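Notes follow once the structure below has been shown.
Rule-based calculations on the coordinates, nothing more; no lab input. Bear in mind that the values here come from a model prediction, so they are computed numbers and not experimental data. Every residue, glycine as well, gets a Cβ built from its backbone with ideal geometry; the counts of neighbours run over all protein chains shown.
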Amino acid sequence: MPEQLLTYREAAERLNISERTLRRMIPDKIKPITLGSHTIRFRLSDLERLIATFNTDVEQN
């Protein structure tokens, strides 16, 4: 089964952040997939891993 890919809007909604915040996170936290010249998607598994990281950081503090 192919991995689910999300648009900027879908990824931002999943993370409960704005699309602008998501765009700022790209260099440090998330590596998007480029499909063609202007199409960018995010792997659902990458977002889930990022959420798990945030949850672990919050629990440790």
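Figures for the structure shown
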| read-out | value |
| --- | --- |
| Under-5 Å amide H pairs with ILE40, H placed in peptide plane, nonlocal only | LEU35 |
| Unit charges at the beta carbon, dipole of the chain: most positive-side option, LEU6, PRO27, HIS38 | HIS38 |
| Two-site label geometry, MET1 and THR53: point separation in nm, points 7 Å out along Cα→Cβ | 2.5 nm |
| Approximate spin-label separation HIS38-ARG20, in nm, with each point projected 7 Å along Cα-to-Cβ | 2.2 nm |
| Backbone HN-Hα couplings from phi across the range 14-29 [Karplus 6.51/-1.76/1.60, Hz, Gly and Pro as x] | 5, 8, 6, 9, 7, 5, 4, 4, 4, 4, 6, 7, 4, x, 9, 10 |
| Cleavage-rule hits (GluC sites (Glu not before Pro)) in the range 1-47: DSSP loop, at most 16 neighbouring Cβ within 10 angstrom | GLU3 |
| Electrostatic dipole magnitude of the range 1-40 [Cβ: Lys, Arg +1; Asp, Glu -1; Cα centre; debye, to 20] | 180 debye |
| Radius of gyration and Dmax over the Cα atoms of the range 1-46, both given in Å | 10.2, 31 |
